[in-house]
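Chemist: This is the structure, below, for whatever I ask next.
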Amino acid sequence: MRRPKRKQSRNHTNRHRNRVAYTGTIRIREGGAATVATEGGVFQVARHGIREAMNGDTVAVSLSTTRNGDRLAYVQSVIERSAKTLLCRYEDAGPIRALVPLDTRITHDFFMVPEDASDRKLGVADRDIVMARILEYPSRTNAGTATIERRMGSADELDLGMESIIASYDLRQSFSEAVEQEAARLVPGVDEALAKDRARADLRDACLVTIDPADARDFDDAVGGRKLDDGYEVLVCIADVTHYVRWGSALDLEARRRTCSVYLADRVIPMLPEALSNGVCSLVPHEDRLVMAVRMKLDRKGRIVSAAPMKAAMRSRARLTYDEVDAFLAGKGELPESVQGREEVEQSLHVLDEVARLRLKVRERRGALDFPSREAKVQLDGEGKPVGVSIRVKTPATSLVEEAMLIANESVAKILADHEVGCAYRVHEAPLEDNLEELVPVFKELDLFDSADETLAFTLGDPHALGAVLEKASGQPCAYMVSTMLLRAQKRAIYLDHNEGHYALGTKAYCHFTSPIRRYPDDTVHRALKAFLAKQLDTKEQREVQKLLPQLCRDCSDQERVADAAARASQEVKMAELYASHIGEAFPGIVDGVEHFGLFVCLDDTCAEGLLPLRLLGDERFDYDERHLTLTGEQSGRRYQLGQRIAVVVEDVDAVRGHIGFSLASRQGAASRKASRGRNE
C-alpha cells in the first residue's frame, strides 16, 4: 500500500522552524510524491522539495514542521546519484533528439548534444528503445544530456517493463570473466576439508532436510530437531560460503558490490554465480556439503538454554517443499519416496513444528511483533507471460523454518555480541512517536483501541500495545492493511557494525546468519564467527574486515532497499500484464490507501493494487480528510475510508509502468463477475 501523503501548502509550512539536517535515500513514486529514508526515520518530501533529485539518489535534506505538526523534507543537495544509465525511448524531432526515460518517476527528459553521432552509429530509429548513459544531470538551470550506449530494440521486441526496472535500479545482470572462472574452479572438497581441519564436525549422519518453496533453486539452510528428556534440540546448518569465497578474492569483491541477490518476477539476479549458489554451496539432497552449524538446546517451554556454533559437514536427507511439509503435518500427505530415513525425518518435522509453536509464545511474551502478511507472486509461463497469481501466507511449514532460523540468528548474535565481536548486526530501533500518532485517528475509525490507556501505550511504542492492535485486526478484512500501515510506521531495520538490539523481534541481539548465498551481511557474520571460534580475531584479515565493516553495513542496508524496490516493481509490472486481459471485469477488494486524488484498492484474490481516481468516484466534489484518511462527497455524503470493502472494474492498464486503473463497479453485486483467468493457483 502507498503511504498516505500529506497536503503541502506554503501557507501552512514554517520552513525555518525545527530544521534538522539529514542524509538519506529519496524514493519517488508515480505522480511525483516522494519520501526520504534517513537514520532519523522516513519523511514525506514536500511537493516542490524534490528539486533536481532523482529516484534512489542519496540526498541531504532539511526538515520543516507545518502548523498542523507534519514534518516535510526539502532536498538541499544531491550527494550521490543512483542512476548512471537509463532505458529510454529515442525520439528524433529533426534538430532536437530526446531520450525519454521509461521510468516514469524520472520527470526530466534528456537530450543529445548536436555533435553526438551515437544514434547513427548504432542504427537507432525513431521510437526505438535504447540504453543511455547520463553525461550531465538536470539541474535548476540546465537540461540533462545523455548519449546512447546501445540499441535495445523496438518497443514490440522487448519486455519493456522488466528492462526498465533493471536499468532504473542499475542491476548487474552478468558476472565478469574473472569471477566466472574463479567460481568454475571450485569443488565441494568435503573430505579434504574434514581431513585438514580437526575442528570441523562431521554431521553427515544427522537427520537434516531442506524446506523451501517449490521453485527454489538454491538451498542454503537445513534443519533437524529431536526431543530430549528435558526439552528439545534444534540443529541448523547453513552453507559455508566463506570457505569458498575468500576475503578479497574476485568473488568476494563482486559479492560486496552486489550485497544481495535480487528476486524479480521473471528472474533472479544472484549475488554469487550459479556455480556456487546452485552448485558447490547449495545443500542439495544426498550430497556432502560444508556448512556452518548451530546446535541449540531449548527447555520444555521453548526457551533457549544453550547454543554451540561450529564448522561442519552434512548430507541432506531430502529436499522438501513447503506444500509437502504442510500436507504431512496436516495428515493429508506422505513425504516423497526419495526421503532417506523416513521415520526419523517425520519425527524431526513434528519436533520442529512443536518448537515453532512454543517459540511463537516465547516471542509474544517478550513483546515481539508478528506482522501478518500475504506475498503475492505472479506465476509465469515458459515465455515469461503471466498466467495466474499465487498467494503465500504463513503456514506451519513456513513457521517451522522461520522459527528455526530466528533462534539460530539470535543465538549467533548473542555469542558475538557478548564477546564484542564486530560483524553486520541486524539492528531495529523503536518507531518514532510521531509516526505512531499519525495512525491513531485511522485505527480509532477501525475500532482497534478499547481505552485511552491502550491508545497512549500505542503512541509510546509499547510493543505489547502494537501487538494488541494487530490481534484486534486479526480476522477482519483490514488485517493485512493494518499490518502494512504498522510496518510503514516502523523505522527500517539496518545493518550496523555493532549491536543495538532488535525492537520488532524483542531481542537484545540479532544478526543475519542463515542466507550467505544471497546476503553479504551473513558472510560477515560467518567470517566473524569463524575467527571467534578459532581465537583469531586479531589477524591481518580480521583487522581489514573490521576497518571496512561500517561502510559494508551501509552499502548492504542501501542495496537491500534497492533490491526490495526492484522486486516489488517487477511484480507490479507482471500483475499489470495479467490484468490487461481483464479490462472491463469487476472484482472485490479493499481500500488500502486514501489520497486527495483517489483511492488505492487491493483486490481480494490476487493482492493486485490499483488506483481508483477521484474523477471516477462521481461528479460531486469530495472533501479529503488527511487526518482520518477519508474522502466524503459534499452532496451525497458518501464516505470512503481505509479498510472499506469495495467492488471495482479494471478500467485501464499500463503494463510498462506496472499501473492498473480502476473505476467503481456499477453495483456491489457486480463483484461476482470475476473472470476464470488470472485467479489464485
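The values are calculated or read from the model by the stated rules, or taken from the named source; none is laboratory data. All values reported here derive from a predicted model rather than from experimental measurement. Every residue, glycine as well, gets a Cβ built from its backbone with ideal geometry; the counts of neighbours run over all protein chains shown. Accessible surface is based on the protein model in full, side chains and every heavy atom, while ligands, DNA and RNA are left aside. Shrake-Rupley method; radii C 1.70, N 1.55, O 1.52, S 1.80 Å.
Chemist: Mind scanning Lys227/Lys530; Lys301/Lys472; Lys394/Lys414; Lys311/Lys535; Lys444/Lys472 and naming the pairs with a C-alpha gap bigger than 20 Å?
Modeler: Lys227/Lys530; Lys301/Lys472; Lys394/Lys414
Chemist: While we're on this one: Ignoring ligands, DNA and RNA, what accessible area per residue does region 252-352 give at 1.4 Å, in Å²?
Modeler: Per-residue value: 41 Å².
Chemist: While we're on this one: Please report the orientation-averaged projected area of region 581-630, defined via the convex hull of its C-alpha atoms, in nm².
Modeler: 4.0 nm²
Chemist: While we're here: Points 7 angstrom from Cα along the Cβ direction at His498 and Leu533: gap in nanometres?
Modeler: 2.8 nm
Chemist: Next up: With no solvent and one equal point scatterer placed on each C-alpha of region 301-375, evaluate the Debye formula and give log10 I(q)/I(0) for q = 0.17 Å⁻¹, two decimals.
Modeler: -0.93
Chemist: Read phi for every residue in region 53-67 and hand back ³J(HN,Hα) as whole Hz from Karplus 6.51 cos²θ - 1.76 cosθ + 1.60, θ = phi - 60°, with x for Gly and Pro.
Modeler: So the J values, rounded to whole Hz, are 5, 10, 4, x, 5, 8, 10, 9, 10, 10, 10, 10, 10, 6, 5.
Chemist: Okay, next question. From the helices alone, meaning DSSP H stretches of at least four residues, give me the mean residue ellipticity at 222 nm for the chain, per-run term -39500 (n - 2.57), in deg cm²/dmol to the nearest 500.
Modeler: Rounded to the nearest 500, the figure is -8500 deg cm²/dmol.
Chemist: Gain in length, Gln340 to Arg554, computed as 0.36 nm per residue apart minus the alpha-carbon separation, to one decimal in nm?
Modeler: The span from Gln340 to Arg554 would gain 72.7 nm if fully extended.
Chemist: For region 253-375, give the percent of accessible area contributed by carbon and sulfur heavy atoms, probe 1.4 Å, rounded to a whole number.
Modeler: 46 percent
Chemist: Let me ask another. Under 14 Å Cα-Cα from Lys574, which aspartates and glutamates qualify once same-chain neighbours fewer than 8 residues away are excluded?
Modeler: Asp159, Glu163, Asp266, Asp381, Glu383, Glu609, Asp654
Chemist: Relative contact order for region 302-419 using alpha-carbon pairs under 8 Å, separation at least 6, rounded to a whole percent?
Modeler: In percent, rounded to a whole number, it is 27.
Chemist: Taking the Cα centre of each part, how many Å lie between region 242-294 and region 367-395?
Modeler: Cα centroid of region 242-294 versus Cα centroid of region 367-395: 24 Å apart.
Chemist: Modelling each spin label as a point 7 Å along the Cα-to-Cβ direction, I'd like the Asp229/Val305 distance in nm, to one decimal.
Modeler: Using points 7 Å along Cα→Cβ, the separation is 1.0 nm.
Chemist: Just the number please: accessible area per residue for region 104-162, 1.4 Å probe, all protein chains included, in Å².
Modeler: 55 Å²
Chemist: With viscosity set to 1.567 mPa s and temperature to 4 °C, compute the Stokes-Einstein D of region 113-160, Rh being the Kirkwood radius across alpha carbon pairs; µm²/s, no decimals.
Modeler: 109 µm²/s
Chemist: Return the Rg/Rh ratio of region 104-246 with Cα-based radii and a Kirkwood Rh.
Modeler: Using Cα coordinates only, the ratio equals 1.22.
Chemist: Could you tell me the distance between the Cα centroids of region 504-583 and region 199-228, to the nearest Å?
Modeler: 21 Å
Chemist: Let me ask something additional. Could you work out the relative contact order of region 262-334, using alpha carbon pairs under 8 angstrom and six or more residues apart, expressed as a whole percent?
Modeler: Value for region 262-334: 24 percent.
Chemist: If you don't mind, another one. Let me spell out the model: positive unit charges on the Cβ of Lys and Arg, negative unit charges on the Cβ of Asp and Glu, origin at the Cα centre of the chain. What dipole size does that give, in debye rounded to 20?
Modeler: Here the chain has a charge dipole of around 1440 debye.
Chemist: Output the relative contact order of the chain, whole-number percent, from Cα pairs under 8 angstrom with separation of 6+ residues.
Modeler: Once normalised by length, the contact order is 12 percent.
Chemist: Further, regarding this structure: Explain nothing, just compute: Karplus ³J(HN,Hα) = 6.51 cos²θ - 1.76 cosθ + 1.60, θ = phi - 60°, for every residue of region 398-415 in order, whole Hz, x for Gly and Pro.
Modeler: Each residue of region 398-415 in turn: 5, 5, 4, 5, 4, 5, 5, 5, 4, 6, 5, 4, 5, 5, 5, 4, 4, 4 Hz.
Chemist: Also, I was wondering about something else. Any idea what % of Cα-Cα pairs in region 388-526 are farther than 23 Å?
Modeler: Of all Cα-Cα distances in region 388-526, 46 percent exceed 23 Å.
Chemist: On average over all directions, what projected area in square nanometres does region 506-580 have, based on the convex hull of its Cα atoms?
Modeler: Quarter of the Cα hull surface area: 7.3 nm².
Chemist: Right, here's the next one. Students often check this: by mean Cβ neighbours within 10 Å, which of 589-595, 439-445, 181-187 ranks highest, and how do the rest follow?
Modeler: So the order, starting with the most tightly packed, is 589-595, 439-445, 181-187.
Chemist: Can you tell me the Rg and the Dmax, both Å, for the Cα atoms in region 199-357?
Modeler: 16.7, 50
Chemist: Keeping the other protein chains in place, figure out the carbon and sulfur percent of the accessible area of region 471-516, with a 1.4 Å probe.
Modeler: So the carbon and sulfur contribution to the accessible surface is 51 percent.
Chemist: A further question on this structure: Please report, as a whole percent, how much of the solvent-accessible surface of region 18-124 comes from carbon and sulfur atoms (probe radius 1.4 Å).
Modeler: 51 percent
Chemist: Same structure again: Hey, can you rank 544-550, 40-46 by average C-beta count inside 10 Å, highest first?
Modeler: 40-46, 544-550
Chemist: Still on this structure, please answer the following. Please state, as a whole number in µm²/s, the translational diffusion coefficient that the Stokes-Einstein equation yields for the chain at 20 °C and 1.002 mPa s, with Rh defined as the Kirkwood radius across alpha carbon pairs.
Modeler: Stokes-Einstein gives a translational diffusion coefficient of 79 µm²/s.
Chemist: Given points 7 Å out from each Cα along the Cα-Cβ axis, report the Ala155 to Ala195 separation in nanometres with one decimal.
Modeler: About 6.4 nm, to one decimal.
Chemist: If you plug each phi of region 449-463 into the Karplus form 6.51 cos²θ - 1.76 cosθ + 1.60 with θ = phi - 60°, what whole-Hz ³J(HN,Hα) values come out, in order, with x for Gly and Pro?
Modeler: Computed from phi, the couplings for region 449-463 are 10, 9, 7, 5, 5, 5, 4, 5, 4, 5, 5, 7, x, 4, x Hz.
Chemist: Over the Cα atoms of region 187-237, what Rg and Dmax result, in angstrom?
Modeler: 14.2, 41
Chemist: State the extension gain, in nm to one decimal, for the chain segment bounded by Arg246 and Ser176, taking 0.36 nm per residue of separation less the distance between their alpha-carbons.
Modeler: Here the segment from Arg246 to Ser176 would lengthen by 23.5 nm.
Chemist: What's the extension gain from Asn68 to Arg568 if we count 0.36 nm per residue and subtract their Cα-Cα distance?
Modeler: Here the segment from Asn68 to Arg568 would lengthen by 176.7 nm.
Chemist: At q = 0.13, 0.18 Å⁻¹, work out log10 I(q)/I(0) for region 335-436 with the Debye formula, treating every Cα as an identical point scatterer and leaving solvent out; two decimals please.
Modeler: Those come out to -0.81, -1.10, one per q.
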